[in-house]
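Undergrad: Structure in structure tokens, see below.
The values are calculated or read from the model by the stated rules, or taken from the named source; none is laboratory data. Computed from a predicted model, the values in this text were never measured in an experiment. Heads up, the Cβs are rebuilt from the backbone with ideal geometry, glycines too, and the neighbour counts pull from every protein chain shown. Ligands, DNA and RNA are stripped out before the accessible areas are found, and what is left, the full protein with its side chains, is counted by its heavy atoms. Shrake-Rupley method; radii C 1.70, N 1.55, O 1.52, S 1.80 Å.
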Amino acid sequence: MDNEQSPTATWQAKHRELYERATRHPFILSIRDGTVDFSSFKRWLGQDYIFVGEFVPFVFSVLLKSWKESEIKSDIEIIFGGAAALSDELSWFKNEASKWGVDLCGITPFTANTEYCRFLQSFTTLDINYTVAATAFWAIETVYQESFSFCIEGDHKTPTELLGTCQRWGNSDFGQYCKSLQQIADRCIKKATADVVREAEEVFVSVLKHEIEFWNMSSSE
Ligand SMILES: Cc1ncc(CO)c(N)n1
């Protein structure tokens, strides 16, 4: 894709170092090379279940904003698809947790998770505009897509027990969905005022930082 046509691709390049730290984190690399500590994986699983619980109102708020602000019907359909998939995602977490013996009721969120969830909550107010929220949504999904697809690409040694997890976010349909979210964000950004564009870029950077902290939290005690 031509970078001039895609503001988000420009930001991915401009913030390359941060982007790589989010999408090629040591935790992800340890899954890919098979050295991952399963207790870290279980910690990630329990924490991410809490995160996804907060992600539900976030995604629905993006859906509501697109309903109100976007004249493009396909935007609404794509975001609605993402929202509708969350019910299945929460069931997946419950099922996966029971396989690993993780008790989802007894989990307290760690600081990095609480802070990320608070960040998500800040988007649900109506004064955050669609462009900024759509950028955050795209970035959040894309970090997981790029991270987990790397674990099932090429010469990986990802443990069999973790393949399902990696495929959940790493599969090519999810990749296509992320590309659709990117097109939505790009189209909004191109039409936005300079202030909104600046805010969207800041939000992109914040998502990367929160994702890095989330991986750090999962992989260390
Ligand atoms: C922390 C985090 N980021 C992104 C996603 C993707 O939905 C997720 N489930 N959790």
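Undergrad: Within region 128-144, is there a residue that is farther than 23 Å from E54 by Cβ, crowded, with 16+ Cβ neighbours inside 10 Å and within 16 Å of the ligand (Cβ to nearest atom)?
TA: no
Undergrad: Okay, next question. Looking at region 154-176, which of its residues are open to solvent by 40 Å² or more (accessible area, probe 1.4 Å) and out of contact with any Phe, Trp or Tyr (no Cβ under 9 Å at 6 or more places or on another chain)?
TA: G154, D155, K157, T160, L163, S172, D173, Q176
Undergrad: Which of the residues belonging to region 87-100 are without any contact (Cβ under 8 Å) to a residue 12 or more places away in the chain and more than 21 Å from the chain's Cα centre (by Cα)?
TA: Listed by number, the residues that qualify are S98, K99.
Undergrad: Can you name every residue in region 5-27 that is within 16 Å of A112 (Cβ to Cβ) and surrounded by 19 or more Cβ atoms within 10 Å (Cβ to Cβ)?
TA: Listed by number, the residues that qualify are A22, H25, F27.
Undergrad: Something else about it: Considering only residues that are part of a helix (DSSP H, G or I) and either open to solvent by 80 Å² or more (accessible area, probe 1.4 Å) or farther than 23 Å from K191 by Cβ (or both), which ones fall in region 59-80?
TA: Within region 59-80, F60, L64, W67, K68, E69, K73, E77, F80 qualify.
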